[in-house]
Amino acid sequence: MRPSKMREFSSSPHLCVIDPSDDRKVHFDDRALPAARHLVGPDAIDVLRPPVEATGGAIDSVRPVHVQYRPGSDVVVRYSALVSWGGAEPRRETLAAASTVHGPMPGALTMTASTPAGPLDVSVWRWPFDPVLVGLARVVTPVEIAQVLRSSHGPLDPRELRLDVVTYRPTERAVVRVDRRERGDRGDRGDRGDRNDRNDRNDRNDRNDRNDRNDRNDRNDRNDRGDRTVAFVKAVPPSDVDGVVERHASLLQAGVPVPRIEHADARSGLLVLEPVIGPTFRELVKSNTGSWPDAAEFDRIADAFAGAELDAAPLASRLADGVLHARMLATVMPTAATQLTRLAERFERADCADSTARHVTTIHGDLHDGQVIVRDGRIVGVLDIDDAGPGRPIDDRANLLARLLYRVHTSATPDARLVEHVDMMTVSSAGRFDAPDLAVRTAAALVGLATGPFRLQSPDWTTTIRRLLDVAEELCTGGSMRGLSPQPHRDLTNTCAR
């Protein structure tokens with residue numbers, strides 16, 4: 001990345017200065033990644049200041065908003081920063097820094113610090129110049145995205161396009177929604193459209209993740225403006241494009257209602273997906289509206305997935321993932337290490353006794369309430385199937401139940417309808433899957449979700465994690481999967497002790 005690219009795009013002025021004292025105190029103890037402890041907390045501004053100053057800016061404050069951490073391998077942190085370019089008023093910027101056991105990342109600025117223990121290398125970049133998502137910078141302005149969409153949508157007037165960053169996970173993926181305003185509804189934007197949208201509204205990235213937003217949460221606002229979604233553009237590592245295209249084609253042929261890929265570019269890592277219209281299950285739950293899909297509807301989708309043949313590597317089980325997530329949390333939250341070690345050991349024992357290997361079929365791999373589009377209680381769209389592959393169908397169901405339980409146990413006032421729906425889904429799922437096995441896998445998935453408050457650096461993230469770990473342990477000792485019901489389900493037993 002050329003140093004000048006740190007400031008090719010400017011974002012909208014931030015409304016207030018972020019107090020550095022708000023940084024969460026995280027203490028990484030990872031000998032393989034000695035630089036990791038400098039990337040979260042008060043030291044982060046010292047890591048980011050040199051590259052910003054080298055490209056003509058002055059960093060006022062910085063706050064970590066998303067952490068991707070794999071112990072012994074890599075850590076990537078996304079920051080919300082206030083930066084003043086050329087003495088102008090500070091503006092909100094999205095910065096990222098990474099440390100890996102493989103050394104500096106090509107395409108990013110490398111900062112090397114001399115320490116008594118040896119040099120520490122940290123790779124730094126600025127949105128949208130992700131060193132892995134090389135096509136991302138092409139889809140953050142209306143002019144450029146109109147060129148990307150030209151082959152699939154024909155000529156588009158950039159002044160009629162409105163962009164919204166749905167999600168950005170550094171080095172992994174980004175999704176941009178493209179809306180088109182009706183002709184004659186440009187307001188007084190005129191030629192300012194390009195400049196305003198060049199700001200790409202990436203300050204919403206943090207809010208999107210923190211509020212469990214997805215690519216359709218603000219549909220009502222867009223409808224009021226007369227906007228119509230014309231496409232979603234996804235940026236992935238270029239090496240992933242062929243696999244994503246193959247998955248979509250195979251799943252569509254098997255009857256899974258996934259979005260059609262309208263254009264794919266393996267050189268840039270960009271994919272253009274048709275929009276699937278309708279609310280997600282998550283939106284319906286949050287608004288307590290509409291008809292919700294029942295277990296039988298998810299069974300139908302699972303059967304459709306099972307009919308697809310994918311040439312992909314087998315997916316790790318939820319139990320194996322639960323072990324890794326428990327160990328990761330123990331690294332960043334040593335006060336809970338004893339409980340997390342206990343959970344990891346229980347998941348390992350259950351994994352060793354796994355009797356579901358013969359039931360491996362194609363599954364989604366990360367199925368949850370935000371991944372399905374619902375119309376009149378029927379699932380009409382399935383999203384984000386990039387990781388679909390051979391796995392155990394029980395893991396998809398466990399992940400779905402864990403997501404619903406997460407919402408129940410992290411809501412200030414859990415909705416009675418949601419609690420009842422979790423109960424119904426649990427009872428109905430017991431007719432398809434072994435109930436004790438489903439309970440422990442749900443616990444493992446819940447431990448994975450417990451990493452979320454840490455990754456997003458949420459306020460009181462340690463308190464939230466402890467609450468979720470307690471729920472996971474209750475499931476592992478024959479506790480209830482029925483929302484907030486104090487009575488254990490009659491079919492659940494102490495599976496983790498076997």
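According to the calculation over all Cα-Cα pairs in region 52-184, the P(r) per 10 Å bin from zero is 11, 33, 32, 18, 5, 1, 0 %. Residues 141, 442, 413 in ascending order of nearby Cβ atoms (within 10 Å, fewest first): 413, 141, 442.
Dividing the convex hull volume of the alpha-carbon atoms in region 319-471 by its residue count gives 123 Å³ per residue.
Readers should treat all values here as calculations from the given coordinates under stated rules, not as data from a laboratory. These numbers were taken from a predicted model, which means no experiment stands behind them. Here the Cβ is made from the backbone with ideal geometry for all residues, glycine too, and neighbour counts use every protein chain on show.
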